[in-house]
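For reference, the structure is listed below as structure tokens.
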Amino acid sequence: MDTEIARRFLAEQRRHPHHHGHVDYERQLDYDLNRHSPPIETLRAIPGWGSDLDKKNRPAVPMERTPPRFIHVPEGQPVQQAQTVEVFCSPERPGITPIFGTAQPPKWLSSAIRRLAYKLPENDLRHWLMLIAADRVNMVEGIVDDLAHGHVPNVLGEMGIRSELRYNPAGLVRKALITTAVVGGIMALRKRRRGY
């Protein structure tokens, strides 16, 4: 089989020495692909099929425009939002962005941790670890804030205990045992230190 292919290839090279059989190979490849591809009706039933075809054959062409419809792009930077809360900025990109969120202004200990984190460059691992720690501290601050305003948070419900009990009871038991062991170990260490 291989010798027959080699013979045909050499014969083709002798007849057309300038293309070395590449053109015929490409023709054969095109023929094979077209022979094995599904009919056009089947392809048209696929959602999104043909989006990269010629623009004249695309269904959205009558609605497309050149230039696009959004042609009144404002020149320059967007108007700077008024800064009413502290906004942390990376030392690598000084200055605040034109628009920023103010729903959760920084406060208490978590903001102090974030302030320290943003003094470090973003490629420093301490920057990201401090931001993660600030998020955890902020969660505790939220519970304290709820209690200060007379709202008792449903911590167990917010942790998804009901869903865990319903869909993953073995995992919930494992977590409870680990938590009990850790808390028990800490209490045992405290008692031991008090005894000395």
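The values are calculated or read from the model by the stated rules, or taken from the named source; none is laboratory data. Just so it is clear, the model here is predicted, and its values are computed rather than measured. Neighbour counts run over all protein chains shown; Cβ positions are idealised from the backbone, glycine included. Remember, those area values only see protein heavy atoms, side chains included, never the ligands or the DNA or RNA. Shrake-Rupley method; radii C 1.70, N 1.55, O 1.52, S 1.80 Å.
Part of a loop (DSSP other than H, G, I, E, B) and at pLDDT below 80: which single residue out of Gly150, Gly101 fits that description? So that I can check it myself, show each step before the final result.
On the way: Gly150 fails: at pLDDT below 80.
The unique qualifying residue is Gly101.
Residues in the stretch 104-130 that are open to solvent by less than 90 Å² (accessible area, probe 1.4 Å), aliphatic (A, V, I, L, M) and either part of a helix (DSSP H, G or I) or under 21 Å from Gln81 (Cβ atoms) (or both): Ala112, Ile113, Ala117, Met130.
Picking from Asp124, Asp145, which residue would you name as being closer than 21 Å to Gln104 by Cβ and at pLDDT below 90?
Numbers: Asp124 fails: closer than 21 Å to Gln104 by Cβ.
Answer to the check: Asp145.
The residue that is nearest to Trp128 (Cα to Cα), counting only those in the stretch 85-113 that are of a type in the set (A, V, I, L, M, F, W, C) and without any contact (Cβ under 8 Å) to a residue 24 or more places away in the chain, is Ala112. Restricting Ile186, Ile96 to those that are of a type in the set (Val, Ile, Thr), closer than 30 Å to Gln83 by Cα and either outside any helix (DSSP H, G or I) or open to solvent by less than 100 Å² (accessible area, probe 1.4 Å) (or both) reduces the list to Ile96.
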